[in-house]
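S.K.: For reference, the structure I am asking about is given below.
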């Protein structure tokens, strides 16, 4: 079985409970068709780069799973039917991340302190 990451964007006006229900539905689709979901992450409500169906923001959810190829086709078919999902993307990966994804670790990154006064030193 191959390893996949499935990310979908849900409408901004949904409650967090409804977004969790969408993630649970996607997990159920994978597991009933012989796959195994190893990780589900909710990245929260984030601003989009451009409007999608009159939405400026969307709830981001990522599922990491192991499944045969026909499960991906069924998952994408069910996701496409759902009117609460704005966009989705499934990517085949070589290995699944063990810990939290990069989006969840974003606050932990080391940032170089910004110094505006360096440019003014003569």
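S.K.: On a 0 to 90° scale, report how tilted helix 16-32 is relative to the longest principal axis of the chain, with both axes built from alpha carbons and the result rounded to the nearest 10.
M.R.: 50
S.K.: Something else now. Angle check, please: helix 69-81 long axis (alpha carbons) against the longest principal axis of the chain (alpha carbons), in degrees 0 to 90, nearest 10.
M.R.: 80
S.K.: Which of (i) 2, 10, 19, 19, 17, 12, 7, 4, 4, 3, 2, 1, 0, 0; (ii) 2, 11, 20, 22, 21, 13, 8, 3, 1, 0; (iii) 2, 8, 13, 14, 14, 12, 12, 11, 7, 4, 1, 0 is the computed P(r) over Cα pairs in 5 Å bins from 0, in percent for the structure on display?
M.R.: Computed from these coordinates, P(r) over Cα pairs in 5 Å bins from 0, in percent corresponds to label (i).
Read the figures in this text as sums done on the coordinates, not as results from a lab. Since the model is a prediction, treat every value here as computed from it, not as a measurement.
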